[in-house]
1. With only Lys, Arg, Asp and Glu charged, each at its Cβ (+1 for the first two, -1 for the last two), find how big the charge dipole of segment 5-218 is about the Cα centre; round to the nearest 20 debye.
2. Once each part is reduced to its C-alpha centroid, what is the distance from segment 25-65 to segment 88-102 in angstrom?
3. Over every pair of different alpha-carbon atoms in segment 5-218, take the mean of 1/r and invert it; report that Kirkwood radius in Å.
4. What is the local net charge at residue 96, summed over the other residues whose Cβ is closer than 13 Å to its Cβ (Lys, Arg +1; Asp, Glu -1)?
5. Among 146-153, 158-165, what's the highest-first ranking by average C-beta atoms within 10 angstrom per residue?
6. If each of residue 91 and residue 186 carries a label point 7 Å out from its Cα toward its Cβ, how far apart are those two points in nm?
Amino acid sequence: MKRSWKSDLPMRRSAFGEAQRTCYGYIRDTEKILKRKYSVLVVDDHDGLHSMPFARSNNKVDCFEPEEMFYTGGNIDGFDFRGIKERLERENLTDYVTFANKNFYEERVETKYDFVYVYRSLHKDRNKNIPMDRKIRKLLSAVKENGYIYILYHLADKDWDYSNFGKEQYLRVGQLPPYLYDFDIISFKERPNKTIHNAHPYNNQDHKHRVGYVFARKKSKRIKHKFHYKINLL
């Protein structure tokens, strides 16, 4: 019997590589702090790059991804990949992930989450015509009181270059923290030098980006919440 090309693909690995290693630290430490399983929102997650690790820890995840192919599987730029549907079924995780084939930034989403995880989403071409201010505020509004948010984002290569790095698509150095006035910033870093990013669908050669990240807890209006985090990025 002839095997499908999918039979040769690894089940646990995304077409975009391994989940960010710090993701596993956040998964573990957030459960220790909250002392329970928790709700997660993952935005623009492709074929389950980061929603799958949260689900493997039995946390309930809402995953927004506008590209239907990442649900069913297929090929982009020479990369064959399994869809998140098959990956969830193979690992018996379908009860933990709700996949919405929609653009989060264009939807009315009233649910609040314990953890909002955003990885390289703000700059995507499909989101470039949505105002940056609107995207950031929508993400922040999805966090519960005492909940957490992690955003890893692309910076413009040069802050003054708006021709190649539009203001609605790329953040500038120091632009993000002022939005976080309702949050306690636990860790924040912006890297002046470019970091290497391996080839993946939509960019099939190794490449480099300037990136930044923030990890923060939404302030409670009622009770103070103590926390201790020590996680290194990249």
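Derivation of every value follows stated rules applied to the coordinates shown; laboratory data play no part. Only a predicted model underlies this, so the values are computations on that prediction, with no experimental measurement involved. With ideal geometry, Cβ positions are generated from the backbone for all residues, glycine too; neighbour counts draw on all protein chains shown.
1. Using Cβ point charges on Lys, Arg, Asp and Glu, segment 5-218 gives about 620 debye.
2. Rounded to whole Å, the Cα centres lie 12 Å apart.
3. By the Kirkwood definition, the hydrodynamic radius is 17.7 Å.
4. Its environment carries a net charge of 0.
5. Numbers: 146-153: 22.8, 158-165: 11.9.
Listed from highest to lowest mean packing, they are 146-153, 158-165.
6. Inter-label distance under the simple model: 2.1 nm.
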